[in-house]
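Just so it is clear, none of the values below were taken in a lab; they were calculated from the coordinates. The structure displayed is predicted, hence computed values, not measured ones. For neighbour counting, all protein chains shown are included, and Cβ atoms are generated from backbone atoms with ideal geometry for every residue, glycine included.
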Amino acid sequence: MTKKVLVTGGAGYIGSHVVRQLGEAGYDVVIYDNCSTGLPQAVLHGELIIGDLSDTIFLRQVFCKHKFSAVLHFAASLIVPESVARPLDYYANNTCNTLNLLQCCKITGVNQIVFSSTAAVYGEPKENPVTELTPTNPINPYGRSKLMSEWMIQDYGATSDLRYVILRYFNVAGAEPEGRLGQFSANATHLIKVTCDAALGNRPELKVFGTNFPTPDGTAIRDYIHVEDLATAHVDALRYLEQGNQSQTFNCGYGKGYSVQQVIERVKAISGANFPVIKTSPRPGDPVSVVACGNKIRQLLNWQPKYNDLDTIICTTLDWETKHKYLFSRESKVKKVEKLAPI
Ligand SMILES: NC(=O)c1ccc[n+]([C@@H]2O[C@H](COP(=O)([O-])OP(=O)(O)OC[C@H]3O[C@@H](n4cnc5c(N)ncnc54)[C@H](O)[C@@H]3O)[C@@H](O)[C@H]2O)c1
């Protein structure tokens, strides 16, 4: 029988790639998204329900109607400086809304969840690469809001039949190689996206936040993972839960760090564009260096990344940034539901 899964935030950047892979893998997918940063056109498979996770009555109706076998929970707010400026909004959207979702799982007996967490739960790690056993110590409200969500899932899992996979993503970048999906959020701050934007003349300059960090070239170091490989990790995680395996937390990264300066140099070399780079102060809440140890996910999920290469990540981003204005003028093809009839 086809399994029906709920994907919250499936109209967003990462969720839309996962929805496409779930569709290709034969799942029946229902997407629940308020389209605050996501777009209906990014949903290439399944049924899109436009709703907010804070609307608990509507959310419960959706759960009762569909009888999901599992939930993949992406919906969240994720801009670190914004979380520093507006912490309560982040705790409301990320932490409280995860609680709403867990309540619906409890009421309707959904006992498998894959949760989108983040390397931000580690804060400024004392060791690199970071393993899943590295102590968590988030240094901004975004990271704290996500860690609290992890704790809720773990605590509920300890007293119920809920099994979970928590995926802690490092820096997600790149776009679907076919060019239909990519990152489109207007206020995205992700380095590879904004650097490619600058290379294509979509922004006048690139700002580098912090050039005196204790790293070889003074700029911050991150581990960039291609969104297509990350999407595959979700399908692998879902299958792992379906096979009856126990709950786990995994880092999602390649285990190789690149500095901001190195990324800029590769984007300039690949695009042939020489855009202005402005040095500015570090942003509050930005750690110096965060690189994943990704051994555990490769071993337990047999996750096999295919796009583990900075140049590939940059090329797919440049390709997407060149095409996406045209692509997003297309009509959404999936079935859309904006209000359910009362049950
Ligand atoms: N992009 C990254 O580098 C990165 C890194 C680590 C973790 N993550 C996590 O991955 C997940 C997805 O991130 P993304 O980059 O795809 O972001 P995104 O903004 O593109 O996607 C988030 C989606 O959630 C929806 N959404 C937000 N609040 C909602 C609500 N209250 N109700 C219903 N829908 C809501 C948005 O409309 C959007 O479609 C997030 O949980 C984020 O914390 C992302």
* Cleavage-rule hits (GluC sites (Glu not before Pro)) in segment 65-159: DSSP loop, at most 15 neighbouring Cβ within 10 angstrom -> 127
* Looking only at 175, 186, 292, which one moves most when the chain is put into a Gaussian network model with springs between Cα atoms under 10 Å? -> 186
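State to the nearest 20 debye the size of the charge dipole of segment 4-337 about its Cα centre, where the only charges are +1 on K and R beta carbons and -1 on D and E beta carbons.
Numbers: 32 positive and 31 negative charges, 69 e Å.
Magnitude of the dipole: close to 340 debye.
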* Asked: Could you name the aspartates and glutamates in cross-link range of residue 4, using Cα to Cα under 18 Å and dropping any fewer than eight places away on the same chain?
  -> 24, 28, 33, 47, 236, 242
* To do: For segment 256-339, list log₁₀ I(q)/I(0) at each q in 0.11 Å⁻¹, using the Debye formula over Cα point scatterers of equal strength and ignoring solvent, two decimals each.
  => -0.58
* Which Cα, out of 259, 276, 304, lies furthest along the positive dipole direction of the chain (beta carbon charges, K/R +1, D/E -1)? -> 304
* Asked: Any idea how far apart residue 39 and residue 278 come out in nm if each label point goes 7 Å out from Cα toward Cβ?
  -> 2.6 nm
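Between residue 185 and residue 242, how high is the FRET efficiency from 1/(1 + (r/R0)^6) when r is the Cβ-Cβ distance and R₀ = 35 Å? Nearest 0.05.
For residue 185 and residue 242, the calculated efficiency is 0.70.
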* Amide H partners (placed H, <5 Å) of residue 117, local residues excluded -> 167, 168, 169
* To do: Give the angle, between 0 and 90 degrees and rounded to the nearest 10, that separates the Cα long axis of helix 97-108 from the longest principal axis of the Cα atoms of the chain.
  => 30 degrees
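State whether segment 1-114 is rounded, prolate or oblate according to the following rule on the C-alpha gyration tensor (a ≥ b ≥ c being the square roots of its eigenvalues): a/c under 1.5 gives rounded; otherwise a/b larger than b/c gives prolate, and the remaining case gives oblate. Numbers along the way, then the final one.
Details: a/c = 2.04, a/b = 1.30, b/c = 1.57.
Oblate is the answer for segment 1-114, as a/c is 1.5 or above yet b/c matches or exceeds a/b.
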* Asked: Using a cut-off of 30 Å between alpha-carbon atoms, which lysines can reach residue 256, once sequence neighbours fewer than 8 places away in the same chain are excluded?
  -> 126, 146, 193, 207, 268, 279, 296, 306, 323
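Tell me which trypsin sites (Lys or Arg not before Pro) from segment 51-159 have a DSSP coil assignment and no more than 11 other beta carbons within 10 Å of their own. Working shown, then result.
Working: sites: 60, 65, 67, 106, 126, 144, 146; in loops: 67, 126.
When the trypsin sites (Lys or Arg not before Pro) of segment 51-159 are filtered for loop state and at most 11 Cβ neighbours within 10 Å, 67, 126 remain.
Quick one: compute the contact order of segment 4-337, relative version, from alpha carbon pairs under 8 angstrom and 6+ residues apart, as a percent. Spell out each step's value before the answer.
Numbers: 693 pairs, mean separation 71.6, N = 334.
Answer for segment 4-337 is 21 percent.
Between residue 2 and residue 262, 0.36 nm times their residue separation minus their Cα-Cα distance comes to what? The partial results should precede the final answer.
Values: separation 260, 0.36 × 260 = 93.60 nm, distance 4.51 nm.
Extra length available between residue 2 and residue 262 comes to 89.1 nm.
Calculate how large, on average over all directions, the projected area of the Cα convex hull of segment 72-230 is; give the answer in nm² to one decimal.
Working: hull surface 45.5 nm².
Result: a mean projected hull area of 11.4 nm².
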* Structure fact -> Expected max-MSF residue from 243, 61, 262 in the GNM of the chain (alpha carbon, under 10 Å) is 243
